[in-house]
Each structure stands twice: as C-alpha cells, then as structure tokens.
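Everything on this sheet refers to the single structure shown next.
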There are 2 protein chains.
Amino acid sequence: MKISEIGGEFAFIKRVTGVTYDDPAIVCGVGDDCAVLEYDRDRYLLVTTDMMVEGTHFSPAWCSPFQIGKKLMEVNVSDIVAMAGTPRWAFISLALTPDTQVEFMDEFYRGLYDSAARHGVALIGGDTTHGPSLVFNIALAGDAGKDLVRYRSGALPGDFICVTGTLGKSEAGLRLLQKGISGYTSGYCEPVCRLAREGRAIGRRAHAMIDVSDGLGSEVAHICEESRVGAIIDGEKIPLSQDTVSAARQAGEDPYRYALYGGEDFEIVFTLPASGVPELKKEFSDFTVIGEIVNTEEGIHIVRKGSMMDLKKGYDHFV
Amino acid sequence: MKISEIGGEFAFIKRVTGVTYDDPAIVCGVGDDCAVLEYDRDRYLLVTTDMMVEGTHFSPAWCSPFQIGKKLMEVNVSDIVAMAGTPRWAFISLALTPDTQVEFMDEFYRGLYDSAARHGVALIGGDTTHGPSLVFNIALAGDAGKDLVRYRSGALPGDFICVTGTLGKSEAGLRLLQKGISGYTSGYCEPVCRLAREGRAIGRRAHAMIDVSDGLGSEVAHICEESRVGAIIDGEKIPLSQDTVSAARQAGEDPYRYALYGGEDFEIVFTLPASGVPELKKEFSDFTVIGEIVNTEEGIHIVRKGSMMDLKKGYDHFV
C-alpha cells in the first residue's frame, strides 16, 4: 500500500506518531512547528528539522547554490520564529553526489551563512555523506520565553486571522520556472522568513501562530484542528504582491490559488483578539487581517466573489 | 573540482566550518561526536545528527526495514553515549519515494521505536517529504553531567587505549552481502551501540572518548589530532568476534582490516590512566586494552606481526 493510499503525508505522520512519553521535560512534541522542551527557569528550548531534496524542493538548474543554502536555513528558522522563539544553533546533514563540485558547495555554504548571520544562528554540527542525489537537512534549536511561546492551538472564536507580508510568491516563481517563462522567481529561489523580533512582537499579542510552509489553506486548517475552532477567510483580503499577480498572469493562472495551496512563503499566520490589531500595528505593521475564527461547527470556509467555499487543505506531498 | 580532489569528507568539513561564534552557550561546536551547549546548572545539552542514504548506508535488499529503522536510531544514540551523555529527544526527517510502501514504513518505525525504547529516547518531531531515493536523518539531543562529559581531546601520554566489545562486525556483514555469501550479517544490518550507563561508567574514568563510526584507525587518529598526542596500537589485541573472523575467512579477507577501516561498529574507543582499568572493570568489563597514548612526535602506529606501520586513516566517504 502506498503512502498516498492511506491519505498522504499527514495521515502517515499520524499513523507513526502519537506515542506518549512520561517525560516532564517534553512540553509539546509532534504537532506544532517545533517541539518544545523545558530549558531553564524562564525559557523553553524549541527544536525543528526540515529536509530539502534535489528535484523536490530545489533544482540546481533553477536556483543558484547560494539560494539553495540560504533557503535551507530560512525554512528552518521560520519554524522557530513562528512560535515566537529565537533561533540559535543549527546542525546540518548533507548527502552529496560523487560529482558534487566544491565550488557549488562553497556557494551553498555562503548562502547558509548569509541566512545564519541574518538570524543570529550558529552552525555548530552536522554529518556529511554521499548518495545518488543532493539532500540537505537542518535541525535547528532555539529558545523562547515561557510566557511568550505560541502554539497552533491557542485560537479562540472571535479572533482575527492575520498574515504577515504577502502570499503566493514562492508558487509564482515555481510556476514560471516550470513553464520556462522568465520573470519573478526569487520568491521561490530565495524566500526569506520573518525575523525573530517580528515573531516575538506578534507572539506578545497572538493567541495562535503557524508559519506558511504548505499554503494558507493548510495552515488555517492546522490552527482550526489544533484549536478546535472554525474559520472564515475573506478571499479578497489575501495579500498578494504585484510580482505574484504579474507572474500568475504570465502563467495564465489564479494567484489566489498560489497563496492558498502553494506553500513555502514562510510568512506567519496568526490569530489575535481585535484589540491586538492596533496594538501590534504600532510595533510591527506588515500584516493583513484576512478573516475571523468562528466556532468549530461552522467549519472552515473562504468567501470569494460573493460565494462561500470549503477551504480545502493545501499541498500534501503524497496526495 | 570534486570533493575527492580536495582530500575528501574531512577536508571538506574543515573547509566549510571553522567559523567561531561569540555565544557563551556554545561549549563545543563542530569537531566531536556531539555539539555541547550550556543547559542548566549541572548539565550540558548534547546534540548530534546522522543521515542514512539508500544505497550508501543501507539497502532494502540486504536489511529489513525494522533493521534500517533500528540502525538509524542506534547510530545517533552512539554519538551521545560516546560523550558519556544520556540520549533523550529525537527528531526524524524522511525522504520517501512515491513507491514507498506503508508496510515498509510501519516496520521501519517499529525498529526505530524498538531502539528508542532500549535507550529511553522520545521521538518528538520531524519532517516527511519525498524524493528519488530513501533518505533518513535523525537529530538527537541528550544531556550529560558537566563533570562527566568526555571529549576526543582529553587523552594524555601514558593513557591506555581501550575499546568496548569487538570490532569489524559491521564490515564483515557488509562484505558477505556484497559478495553474495550467506553468513553473519547482523553486525551490518542490526548494529547496537552501547547503553548510556555503560558510557557514563567509562566517562567517570576516561580522559578521552569517541565512538567507532568510521573504523578504529580513523577514531584513534581523531583522538590523537584533538588531544595532540600520538598512539601505538597492538594489532594483535584488537578484539574480533568469532563471527567476524569466520566471515572474513568466507570472504577471503583480513578481519583486522574490517576492524581498522570498516566502521559502523558503534563501540567506544577511550583512553584512561592505567589505574582506571581495574576500577572500570569492576563496574563494566566488556572492553579490551589495545594500546597506549604516546607523545605526538612518536606518531600513530600499529604493531602487528612484529612490524610497526603507520595507522592510516579509516574510511572516508570521498577518497
């Protein structure tokens, strides 16, 4: 039986996890952007890991090795920042091919260190091996104030649903590359996640947070599932950049689909009470209110062009 | 320029690491079995990561998925135990193929959990994606008493060099599988590393410790380099199991080569003062004295059949 036959990646993860441990140091295990562990009196330790595979997450024909290294670090930092944490220590595993060029890896590491410096991350361990194709993995640890760490599970009915920056950038770039159309591709090749101080500013007011790695649809669904709430998204309010809109026009596609189901934008979706919106704007203003948390019975919907639809889940690697 | 042209894996790692960080929490970065970080008053946090690639580290034709999952956990635990630490929290990244069977992964996870239970490890996070071949990575965190953690760098001239268990088991199994000879293969398919309590018993007396992942030759060289000492190994004393000797005979090869350059035995090489040997024997006896640490000017040698040879470094993935 293939993974796709049991319902894909998320069904598979549910099947093989769910073990509970009698370890008081585990504050939160599988099921959020990071695992959360006891650390010291005031802080938790956050740990995440993300893998990038040649042909699945990147292609050296499309993106430079600098961009690939940078993206690997950004996708991991994003998970820590999206829990209002501060990224600190990274551990990298590399599977290189017998033909991998030193010059390629020098540039890859330059991108990795460029992102690490941007986020104050120290790269202090790893494993280097070889295989038939390039595979890179980072495990990243960080910390977060115990009163500040935010989960997917804290959303409350009445909360406003917000998203930082703009969405669809990564999918826009990917579609142009796939179709061989020149245009805006840096959203795919060189995405940058939010800074820790932005995540912390959000965390001080937010009830729930998640990063956009699988598309807005999937992330809102995760918040709703973990918080046992519903959501209604105003499709017209989903923020798109002019670059994304132009790229979608070039590709003959709907930019809102990119935002909803594209993924890899590494923005933050968060929910907060209405009063938190003006408060947060004073400190951090690059976000948009796109909807509202409702009771779980009301489901998860998106309103667009006057009609309401089920918000289908986003990109799943195995469906 | 290929990685092999600059001297292989270890030369590559030196090229891309070596950045220093102004972070008082980093006790030890790249260069030992684990990174060591400040944790609480009495303990350090240890972190390691190891990747296993289909075709490089395992083949589903040779080993069961149970064995592959188990081995992935054991190779990581080994790094923590070899610094006298206690393994605690694991994070797994998986690249599966579109054809990967759920039944295969169920067995893989059964092996993973079997090893995790043996070592008291909680699997609390990960990333699941897909690619052209199977790649598995674990990042593992553990802790160690600040007075107990042991490095590669502590060896002193006059120390006895010891190794736990027997060596060459993994290479023996691999060679039989490669040659299609039936026989003893579980040393390759299902290696088990030492338990944390054994590592701690060693750590209480040892000056330096390292696990055997790349072969005795490579591990002794690491200790010598990091401790700035030399070593002389008595080749005849290297412990081999009867299974390893039999497999080597079947393959028409030298079992001592397996021990010296084979790797993946996940035993512990350690050095301790002569007085430590009888003390340790009272608490943990499954080890053998195989040589002595000498001054760095004397180099790294092995005596075998009355002649002394340079102990060449072990298996390097890119040479």
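For this structure, a couple of remarks:
- Partnerless Cys - chain A, beta-carbon criterion under 4.7 Å: A:Cys28, A:Cys34, A:Cys162, A:Cys193, A:Cys224
- Note on B:45-57: average number of Cβ atoms from other chains within 10 Å of each residue's Cβ is 6.
- Formal net charge of residues neighbouring A:Pro132 (Cβ-Cβ distance under 13 Å; K, R +1; D, E -1): -3
- Note on A:95-104: average number of Cβ atoms from other chains within 10 Å of each residue's Cβ is 5.
- Options B:Leu176, B:Val277, B:Ser186, ranked by Cα towards positive dipole end of chain B, top entry (Cβ charges): B:Val277
- Look at the stretch B:82-89: the mean tally of other chain Cβ atoms within 10 Å of its residues' Cβ atoms is 2.
- Gap separating the Cα centres of the stretch B:240-319 and the stretch B:54-76, nearest whole Å: 24 Å
- A:Thr20, A:Thr296 arranged by Cβ crowding within 10 Å, fewest neighbours leading: A:Thr20, A:Thr296
- Looking at the protein assembly as shown, the DSSP beta bridges with both ends there are about 75 percent antiparallel.
- Overall form of the stretch B:74-216 per C-alpha gyration tensor (a/c, 1.5; a/b vs b/c): oblate
- Helix-only [θ]222 nm of chain B, DSSP H runs n ≥ 4, -39500 (n - 2.57) each, per residue, nearest 500: -10000 deg cm²/dmol
- Grouping the Cα pair distances of the stretch A:152-310 into 10 Å bins from zero gives a pair-distance distribution of 12, 41, 34, 13, 1 percent in increasing distance order.
- Here chain B carries DSSP beta bridges of which approximately 75% are antiparallel, counting only pairs with both residues inside.
- Computed magnitude of the charge dipole of the protein assembly as shown (debye, nearest 20; Cβ of K, R +1, Cβ of D, E -1): 140 debye
- For the residue pairs A:Lys281/A:Lys305; B:Lys14/B:Lys146; A:Lys169/B:Lys70; B:Lys70/B:Lys179; A:Lys71/A:Lys281; B:Lys70/B:Lys146, the C-alpha atoms sit more than 31 angstrom apart in A:Lys169/B:Lys70.
- Backbone amide hydrogens, once placed in the peptide plane, bring B:His207 within less than 5 Å of B:Thr271, B:Leu272, excluding anything fewer than 5 places away on its chain.
- Applying a length cut-off of 18 Å (Cα extent along the axis) and a mean Kyte-Doolittle floor of 0.0 to the DSSP H helices of chain A leaves A:65-81.
- Volume per residue of the C-alpha convex hull in the protein assembly as shown, rounded to whole Å³: 151 Å³
- When +1 charges are put on Lys and Arg Cβ atoms and -1 charges on Asp and Glu Cβ atoms, the dipole computed for the stretch B:1-79 relative to its Cα centre reaches about 280 debye.
Computed from the coordinates by the stated procedures, all read-outs in this text should not be read as laboratory data. Keep in mind that this is a model prediction, so the values were computed, not measured. No Cβ is skipped: glycine too gets one built from the backbone with ideal geometry, and neighbour counts run over all protein chains shown.
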